[in-house]
1. If you go through segment 197-227, how many residues are open to solvent by less than 10 Å² (accessible area, probe 1.4 Å) and modelled with pLDDT under 95?
2. Within segment 118-133, can you find the residues that are open to solvent by less than 30 Å² (accessible area, probe 1.4 Å) and either among the small types (Gly, Ala, Ser) or within 20 Å of Glu94 (Cβ to Cβ) (or both)?
3. Within segment 30-76, work out how many residues are assigned to a helix (DSSP H, G or I), more than 22 Å from Phe135 (Cα to Cα) and at pLDDT 75 or above.
4. Quickly run through segment 128-152 and pick out the residues that are of a type in the set (Lys, Arg) and within 22 Å of the chain's Cα centre (by Cα).
5. Under 18 Å from the mean Cα position of the chain (by Cα), of a type in the set (Gly, Ala, Ser) and at pLDDT below 95, is that true of Gly168?
6. Suppose we keep only residues that are touching a Gly at 6+ places or on another chain (Cβ under 6 Å) and either open to solvent by 30 Å² or more (accessible area, probe 1.4 Å) or within 13 Å of the ligand (Cβ to nearest atom) (or both) within segment 69-92. Which one would you say is nearest to Gly16 (Cα to Cα)?
7. Which of the residues that make up segment 64-100 are acidic (Asp, Glu) and under 27 Å from Pro162 (Cα atoms)?
8. Do the conditions hold for Leu160, that is, is it crowded, with 17+ Cβ neighbours inside 10 Å and farther than 28 Å from Lys8 by Cα?
Amino acid sequence: MPPEDDRKRARALLDGATAVAVLTGAGISAESGIPTFRDALTGLWEKFRPEELATPEAFLANPKLVWDWYAWRREQVAMALPNAGHVALVAIEEACRDRGVDFTLITQNVDGLHELAGTRRLVELHGNIRRVKCFDHGHAVKSWPATDGVPACPHCGSLLRPDVVWFGESLPGVALTQALAASQSCEVFLCVGTSTVVEPAASLPFMALEEGAKVIEVNPTRTPLTGRATIAIAGSAGEVLPDLLL
Ligand code: NAD
């Protein structure tokens, strides 16, 4: 089928749906200058091994290395702006709201760019790198004194860490419940910029398919979902999503 027909069909599906769920991954922020985990050459994991940096064990073994790496990523995120893909998803949400259609955006991203763009019904599955909490008790901490080491929690003295979900950690319960509910009850599931390999987020589009939803994928490269999606659009989020506006 010619690519333009896929986009037309995707627009029609979104236009006719009574409930829409969206799942985004690192790919949607690539055009905002934030590297994805797995893309060759620019991927953050090209330089570091995830198990050296993004696990509680890694933090306990070398808190300074992990804190500094996240501080560097936080700086990158602070400089980034939402791109045309983020903005198009806000417009799709507004169109859904105008028609009384249920809309939920589930993101695996920790960069906060959907919120900055203006998405209202947002589920952050993996936390947010802009927030910090303490390692022992999860106390939320808004500011901390500059130090060469890792700052300590003003409430309990334990080390501060980013408020993100590390490998081996559980997802926030409320966010996971909302993500599951939206995926299992939607009529159309739009999956953007995710390699669909990190669980449990990776299972959400497949759950939606099992419940009878139509699944639209937007990704420049093939993923485990591509062959199963109702419509797979090969392209970047910033170029494709504005073309799907209702
Ligand atoms: P991933 O790195 O595994 O996959 C990124 C996907 O995006 C790939 O399939 C790639 O083909 C696609 N992609 C690249 N450029 C794109 C574009 N312009 N438009 C659309 N798609 C594009 O990322 P993932 O699937 O999100 O899973 C890995 C983990 O990475 C998640 O847990 C997430 O929390 C974390 N992460 C988040 C950020 C962020 O917050 N921006 C950045 C890096 C990693």
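1. Count: 0.
2. Thr119, Val123, Gly127
3. Matching residues across segment 30-76 total 4.
4. Arg130, Arg131, Lys133 - these are the residues of segment 128-152 that are of a type in the set (Lys, Arg) and within 22 Å of the chain's Cα centre (by Cα).
5. yes
6. Gly85
7. Asp68, Glu75
8. Here the answer is yes, as Leu160 does meet what is asked.
The values are calculated or read from the model by the stated rules, or taken from the named source; none is laboratory data. Please read these numbers as outputs of a predicted model, since none were measured by experiment. All Cβ positions, even for glycine, are placed from backbone atoms using ideal geometry, and neighbour counts span all protein chains on display. These accessible areas exclude ligands, DNA and RNA; they are computed on the full protein's heavy atoms, side chains included. Shrake-Rupley method; radii C 1.70, N 1.55, O 1.52, S 1.80 Å.
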